[in-house]
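The values are calculated or read from the model by the stated rules, or taken from the named source; none is laboratory data. Because the structure is a prediction, the values reported are computed rather than measured. Cβ sites come from the backbone with ideal geometry, for glycine too, and all protein chains shown count toward neighbours.
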Amino acid sequence: MFDRYGREIRSMRISVTQKCNLRCFYCHNEGQKKSDVELSPREIERIVDAGKRLGIRKLKITGGEPLLRNDIVETVEKISRHMDEVSMTTNGVLLGKYIVALKNAGLDRVNISLDSLNPETYKYITGANNLQQVTEGIKTAAEIMPVKINTVVMKNINENETEDMTKFAGKNNAALQLIEIETDKKHANNSFYRKYHHDLQDIEKELKEKALRIEVRGMHHRKKYFLPFNGKEVQVEVVRPMHNSEFCRNCFRIRVTSDGKIKPCLFDSNCVDIAGLIKNNSDDNKVMEAFEKAINMRKPYW
């Protein structure tokens, strides 16, 4: 299905919980207001099935921290019946415990948040001492499925670690994704954003000079730089959403909150309730109509 701007909605990002075992100070909670409500695996499956009927083929599971759900393996198993690709974003603390079961349930790839390899910096960002657990989880996961490391680059905190993160990714057969810290228009000039935002333009220029080759993803038109590393290549992707109309022009994703609201965009507060329809046993057509309504509400943010 296409939105009003001609963007085909091909993927879905669904939060399965707001609970988290870390306290990263920049977290935007997937643009969701605080809620303790969580959908059951069966309710999530109905949402995913409706998305599939409208042409969505890829799904990313997010949180909070998805691995805090006791039924996360069951949830992945149900979702994987309907999608061509299922991925997950996790902070990696519990990944070593679950990764084999997740793969067997149908998980295809995993994104792991890791903003620093320095224990003190990691603790400052996350409020926890789980760096070793996360790095071990990355190594374990990379042995059995594609892994991407998500690093939010922040001024005066970790902007000097990108080279070390690239080497770590290369050593562990993972890709690295460097992400610009983001906020909405209302807060783009506040003290928090000015303090921590680091424009990735300088880093991207350096990557371009070093790259053996460069590819451009359809999603958001993100550039992927393939750098030489120990006789092979390591992939570094750059995500620059702030004030970037090209990013919005090539966004083909719809979002679902953990309490069952469809969000047209991360920064759009106008949501469509789909959980209520499912809990009231509405038929599939009504559930699909909710998706169609949300997709028709989509508009580029930048």
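What to note about this one:
- In the stretch 129-149, the residues that are assigned to a strand (DSSP E or B) and either under 16 Å from residue 25 (Cβ atoms) or hydrophobic (A, V, I, L, M, F, W, C) (or both): 147, 149
- Among (1) touching a Leu at 6+ places or on another chain (Cβ under 9 Å); (2) surrounded by fewer than 16 Cβ atoms within 10 Å (Cβ to Cβ) - the single one residue 246 does not satisfy: (1)
- Failed item, numbered, when residue 152 is tested on (1) under 25 Å from residue 234 (Cα atoms); (2) hydrophobic (A, V, I, L, M, F, W, C); (3) in contact with a Lys or Arg (Cβ under 9 Å, 6 or more places away or on another chain): (3)
- Counting only residues that are exposed (fewer than 12 other Cβ atoms within 10 Å of the Cβ) and part of a strand (DSSP E or B), the stretch 171-229 holds 3 of them.
- Residue satisfying condition, being at pLDDT 95 or above and either among the hydrophobic types (A, V, I, L, M, F, W, C) or not in a loop (DSSP other than H, G, I, E, B) (or both), within set 92, 96, 55: 96
- Taken together, 222, 213, 255 contain a single residue that is more than 20 Å from residue 1 (Cβ to Cβ), among the basic types (Lys, Arg) and touching a helix residue (DSSP H, G or I) at 6+ places or on another chain (Cβ under 9 Å), which is 222.
- Residue that is within 26 Å of residue 141 (Cα to Cα) and touching a helix residue (DSSP H, G or I) at 6+ places or on another chain (Cβ under 9 Å), where the choices are 5, 26: 26
- Exactly one residue among 65, 45, 30 is buried (at least 17 other Cβ atoms within 10 Å of the Cβ) and more than 12 Å from the chain's Cα centre (by Cα), and that residue is 45.
- Residues located in the stretch 150-161, provided they are in contact (Cβ under 8 Å) with a residue 40 or more places away in the chain and in a strand (DSSP E or B): 150, 152, 153, 154
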